[in-house]
Ligand code: URP
Ligand code: ZN
Ligand code: ZN
């Protein structure tokens, strides 16, 4: 780099490093547990105080939040930035995807690092390099797509490096999918490490069969994607993953629950005492399955994701499960492929890159679909979009709450404002938007990331390199007491006598007491 440019860059970084002192005055602070009228004082990148009538320090800038809600910045625990998938690379990198996130009130995301040629460590290194241009806090889950001793060892190394969750795909046969035997080994390894296993639940074999049948019947367009992924595949995969996790006695995080049946499976497991986090994604309850029937391939293909966006009845059940607490997190699965990339599947729906946008729209469509309709409260909203992810991935209360000492990731939200979502005004590099033209109630007016107002008055002020990798510690609260549960299983008192049962050798006639 030219010396002058380098100097300018360093100076910009140094100025950036001087955090703002901000006093957010007169708003309603909403946390997952409660809401109250209070001011929020921010300095040195941290929340210093939350309380009534806080006085502004001499160097503070005051932001008037009267009539507004002041909430923790969103945490999106499911994104795919700069992801190499299905023969292409998702069109948002760690700069554009995060800029979009900040404009929509999300201040941290957890991306899925994919292995490089099956190698986890190499895959993580590639994603770390790609994330160097980050403008906000981020972390990673690691996908496990094969199994051998090196994979198990790499999982340990990655856990030590700050990765506390591993994703297993039951779908994408021949690419990412693992067998049940591999999943069992992976679940056991996760348990050993205190890392949360995550599962994409669809039956890989049934899927391939259905895809071949649908394609052979002459359906080659995006609707074929939908027709070849019926809810029963997802329901079965979810039930199977949950039961295998129950057998191993390890907590489980079910990603992108899209069917009512899968939500019911999560609810059943939770009722049975299993430690399960069910993740909904915004597109799952706020988008429209009918769109893949659109006569224009460009429109239809942008709605192709897996599992697919389903019927209004499934969406009603997903929203009910979120309102009832059976599904506990709202993410996005932001996997952005623009229309030229989607054209890779023109004439064969099996080749359409899977994924939709959402990182920028998540908070708005969730508020509009769930809070503005009266299904959930603002505190529920904070839990679903921020606090629950912080809990699941073991960074609460550093993130997910507005409390003294927490990172100053904050949004100021106007519940009375309305705005229109569109590719013409969004910040993602996508040339389409699955929420195109939709008017949503509520608006993120200001986003504060690491103590700096980075989205204000409709303008973004971000700096590549300002984003930090947030190491996620293993052994979170979901793992508390698992060893005691294991011990109680092995040493359970059966009414039939102790195990192992002592038995006479063949021909011996000793009684049970004599043995
Ligand atoms: O269609 C999707 N969901 N694309 C991203 C990859 C995945 O399965 O999460
Ligand atoms: Zn998935
Ligand atoms: Zn995904």
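Any read-out appearing in this document is the output of simple, stated calculations on the displayed coordinates, not a laboratory observation. The structure displayed is predicted, hence computed values, not measured ones. Backbone-built Cβ (ideal geometry, glycine too); neighbour counts: all protein chains shown.
Remarks
- Sorting 95-108, 44-57, 137-150, 359-372 by average packing, meaning the other beta carbons within 10 Å per residue, from highest down gives 95-108, 359-372, 137-150, 44-57.
- The ranking of 489, 435 from fewest to most other beta carbons within 10 Å of each one's beta carbon is 489, 435.
- Taking every alpha-carbon pair within the stretch 216-316, the share separated by more than 15 Å comes to 62 percent.
- For the pair residue 494 and residue 153, the difference between a 0.36 nm per residue extended length and the Cα-Cα distance amounts to 119.0 nm.
- Square roots of 5 times each gyration tensor eigenvalue, C-alpha, the stretch 286-353, largest first, Å: 27, 13, 8
- Spin-label model, residue 456/residue 311: points 7 Å from Cα along the beta carbon direction are separated by 5.0 nm.
- Between residue 350 and residue 439, the C-beta separation translates, for a Förster distance of 25 Å, into a calculated FRET efficiency of about 0.10.
- Here the ratio of the Cα radius of gyration of the stretch 377-515 to 2.2 N^0.38 Å is 1.97.
- Relative contact order [Cα under 8 Å, 6+ residues apart], the chain, whole percent: 20 percent
- Within the chain, the percentage of alpha carbon pairs spaced more than 33 angstrom apart rounds to 40%.
- Taking all pairs of distinct alpha-carbon atoms in the stretch 472-515, Kirkwood radius in angstrom: 14.0 Å
- Projected-area mean, the stretch 289-399, by convex hull of Cα positions, square nanometres: 8.0 nm²
- Relative frequency of Cα-Cα separations exceeding 26 Å in the stretch 33-146, percent: 39 percent
- DSSP-defined antiparallel bridges as percent of all bridges, the chain, nearest 5: 50 percent
- Cα-based Rg / Dmax (Å) for the stretch 131-177: 12.8, 36
- Convex hull (Cα only) mean projected area of the stretch 195-268, reported in nm² to one decimal: 5.3 nm²
- Model label sites at residue 217 and residue 508, defined 7 Å from Cα along the beta-carbon direction, differ in position by 6.3 nm.
- Theoretical FRET efficiency, 1/(1+(r/R0)^6), r = Cβ-Cβ of residue 469 and residue 61, R0 22 Å, to 0.05: 0.20
- Where N is the number of residues in the stretch 98-214, Cα Rg divided by 2.2 N^0.38 Å: 1.16
- Cα long-axis angle, helix 180-193 against the chain (0 to 90 degrees, to the nearest 10): 60 degrees
- Inverse mean reciprocal Cα-Cα distance (Kirkwood Rh) of the stretch 22-99, Å: 15.1 Å
- Residues residue 501 and residue 293, FRET efficiency given R0 of 51 Å [Cβ-Cβ distance, rounded to 0.05]: 0.25
- With contacts taken as Cα pairs under 8 Å at a separation of at least 6 residues, the stretch 14-167 carries a relative contact order of 16 percent.
- The angle separating the long axis of helix 204-216 from the principal Cα axis of greatest extent in the chain is about 70 degrees.
- Distance in nm between pseudo-label sites at residue 515 and residue 372 (7 Å out along the Cβ direction from Cα): 7.0 nm
- In the stretch 365-406, inverting the average of 1/r over every pair of distinct C-alpha atoms gives 10.8 Å as the Kirkwood radius.
- Relative to the dominant Cα principal axis of the chain, helix 231-248 is inclined by about 70°.
- The largest-to-smallest principal axis extents of the Cα set in the stretch 152-233 are 50, 22, 20 Å.
- Taking the fewest neighbouring Cβ atoms within 10 Å as the starting point, the ordered list for 443, 502 is 502, 443.
- Both the radius of gyration and Dmax for the stretch 154-302 are 16.8, 50 Å, in that order, over alpha-carbon atoms.
- Between residue 417 and residue 37, full extension at 0.36 nm per residue minus the direct alpha carbon distance yields a gain of 134.8 nm.
- Over the chain: helical MRE at 222 nm, DSSP H runs n ≥ 4 each giving -39500 (n - 2.57), nearest 500: -9000 deg cm²/dmol
- Ranking of 430, 258 by count of other Cβ atoms within 10 Å, fewest first: 430, 258
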